[in-house]
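The values are calculated or read from the model by the stated rules, or taken from the named source; none is laboratory data. The shown structure was predicted, so the numbers you read here are calculated from the model rather than taken from an experiment. Cβ placement follows ideal geometry from the backbone for every residue including glycine, while neighbour counts extend to all protein chains displayed.
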Amino acid sequence: MTVTTPDAGTPRSEDAPFAPPRLAERARELAAASGEWLHRVRLDPEGRWYERVHLDADHEVWLISWLPGQSTGFHDHGDSAGAFAVALGTLAEHHVRSGRDLGPGQVRSFGPGYVHDVRNTSGAPAVSVHVYSPPLASMRRYDVDAGGGLVRLADESAADW
């Protein structure tokens, strides 16, 4: 897997941006091919480690490592659809009122504006592969109020990551 950058003159494919099922399949394929990317992964006790490993006009791919207790906090991916696959370990995905654990090979996909929190609640490191289409341009961070509603805290742009 090589790191690529978008070419402003590269046309988008006819079905771009990719729909969540296609993103899920791409995340699943990449997570299963850990021999191609495992050497890149780092573990950082200060926070989640992440690296964008592919970027083109249609989609982007990120690797993320998670030590026990690390999480994203509630956020969305702006106007991008996405999917993530757990490659190693276990992650928990939470919504305001529900959650579920995801183990190796399991995938979650979603459309634009989907709000969730992903965290490592296990006692061991985890690694996941994330795919977004179109490539992320913004993310919004949220908190949950006493009534269980979402409160928007901050907006981030691609320049922030």
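Results, tabulated for the structure shown:
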{"item": "Cross-chain or 6+ apart pairs with Cβ under 9 Å, region 40-63 first and within 14 Å of residue 128 (Cβ to Cβ), then polar (S, T, N, Q) and modelled with pLDDT under 95", "result": "53/2; 53/4"}
{"item": "Condition check for residue 96: modelled with pLDDT under 95, on the phi < 0 side of the Ramachandran plot, touching a strand residue (DSSP E or B) at 6+ places or on another chain (Cβ under 9 Å) and surrounded by fewer than 18 Cβ atoms within 10 Å (Cβ to Cβ)", "result": "yes"}
{"item": "Tally, over region 110-161, of residues that are over 15 Å from the mean Cα position of the chain (by Cα) and more than 30 Å from residue 57 (Cα to Cα)", "result": "14"}
{"item": "Hits in region 123-150 - residues which are in contact with a Gly (Cβ under 7 Å, 6 or more places away or on another chain), small (Gly, Ala, Ser) and surrounded by fewer than 19 Cβ atoms within 10 Å (Cβ to Cβ)", "result": "124, 137, 138"}
{"item": "Residues (touching a residue at least 60 places away in the same chain (Cβ under 8 Å) and of a type in the set (Val, Ile, Thr)) located in region 66-109", "result": "107"}
{"item": "Among residues of region 110-161, those that are in a strand (DSSP E or B) and of a type in the set (Asp, Glu), counted", "result": "4"}
{"item": "Among (1) surrounded by fewer than 19 Cβ atoms within 10 Å (Cβ to Cβ); (2) farther than 17 Å from residue 77 by Cβ - the single one residue 120 does not satisfy", "result": "(1)"}
{"item": "Failed condition for residue 159, given (1) touching a residue at least 12 places away in the same chain (Cβ under 8 Å); (2) surrounded by fewer than 19 Cβ atoms within 10 Å (Cβ to Cβ)", "result": "(1)"}
{"item": "Number of the condition not met by residue 41 [criteria: (1) within 10 Å of residue 127 (Cα to Cα); (2) in contact with a helix residue (DSSP H, G or I) (Cβ under 7 Å, 6 or more places away or on another chain); (3) of a type in the set (Val, Ile, Thr)]", "result": "(2)"}
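For (1) more than 11 Å from the chain's Cα centre (by Cα); (2) part of a loop (DSSP other than H, G, I, E, B); (3) crowded, with 18+ Cβ neighbours inside 10 Å; (4) aromatic (Phe, Trp, Tyr), each residue gets a yes or a no:
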{"position": "53", "(1), (2), (3), (4)": "yes, no, yes, no"}
{"position": "62", "(1), (2), (3), (4)": "no, no, yes, yes"}
{"position": "69", "(1), (2), (3), (4)": "yes, yes, no, no"}
{"position": "78", "(1), (2), (3), (4)": "yes, yes, yes, no"}
{"position": "85", "(1), (2), (3), (4)": "no, no, yes, no"}
{"position": "108", "(1), (2), (3), (4)": "no, no, yes, no"}
